[in-house]
Amino acid sequence: MSENQTSGTSNGDSNKRPHSPNLRPFKPGQSGNPSGRSKRYAERYTALKAELEATGVLLSVDEGVTLELAVRLSLRRPKDDMAASHAASTYQRLLKPLRARRAKAAQDDDSDTLAVLEALERQ
């Protein structure tokens, strides 16, 4: 390479990428996603919320918070198998009461529907 050509690195260090003059590196601890949560978070949260509200019972505020924590936990990348196992069991424990309440509501709705049908048959 001649003197006029550059290798695309700053200060001749091969590990560093060239910086544009209008870009600044992130500060330690600063998010690299200025628009907020990832698309995966939104997709998973929406899917789980739709699953839970399919019975017609809306989420209460505390259930919404629990759902949010479960989704955050499901998107973490555990460092080892033990952490992955712990995260999976915690995720299931968070969602179990939410799903149980929906199942009970669906069962109650079925009982009500059955009672109405029996009453109509008697008439």
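The values are calculated or read from the model by the stated rules, or taken from the named source; none is laboratory data. Predicted, not measured: the structure shown is a model, and the values here were computed from it. Here the Cβ positions follow ideal geometry from the backbone for every residue, glycine too, while neighbour counts run over all protein chains shown.
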Exercise for review: Considering each residue of the range 74-83, count those that are surrounded by 11 or more Cβ atoms within 10 Å (Cβ to Cβ) and within 16 Å of the chain's Cα centre (by Cα), and give that number.
Suggested key: 4
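For the range 68-102, how many residues meet the condition of being more than 26 Å from A42 (Cβ to Cβ) and not hydroxyl-bearing (S, T, Y)? Spell out how you get there, then give the answer.
Filtering the range 68-102 down to residues more than 26 Å from A42 (Cβ to Cβ) leaves 80-82, 85.
From what is left, the residues that are not hydroxyl-bearing (S, T, Y) are 80-82.
Summing the residues that are more than 26 Å from A42 (Cβ to Cβ) and not hydroxyl-bearing (S, T, Y) in the range 68-102 gives 3.
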Review point. Just to be sure, is R93 in a helix (DSSP H, G or I), under 13 Å from the mean Cα position of the chain (by Cα) and modelled with pLDDT of 70 or more?
Key: no
Exercise for review: Run V71 past the list (1) surrounded by fewer than 11 Cβ atoms within 10 Å (Cβ to Cβ); (2) at pLDDT 90 or above and report the number of the one that doesn't hold.
Suggested key: (1)
Practice item. For residues that are part of a loop (DSSP other than H, G, I, E, B), surrounded by 15 or more Cβ atoms within 10 Å (Cβ to Cβ) and among the aliphatic types (A, V, I, L, M), scanning just the range 23-68, find the one that is modelled with the lowest pLDDT. Key: V57
Practice item. Scan the range 38-57 and give yes if some residue there is more than 17 Å from Y91 (Cα to Cα) and either of a type in the set (K, R) or touching a strand residue (DSSP E or B) at 6+ places or on another chain (Cβ under 6 Å) (or both), otherwise no. Key: yes
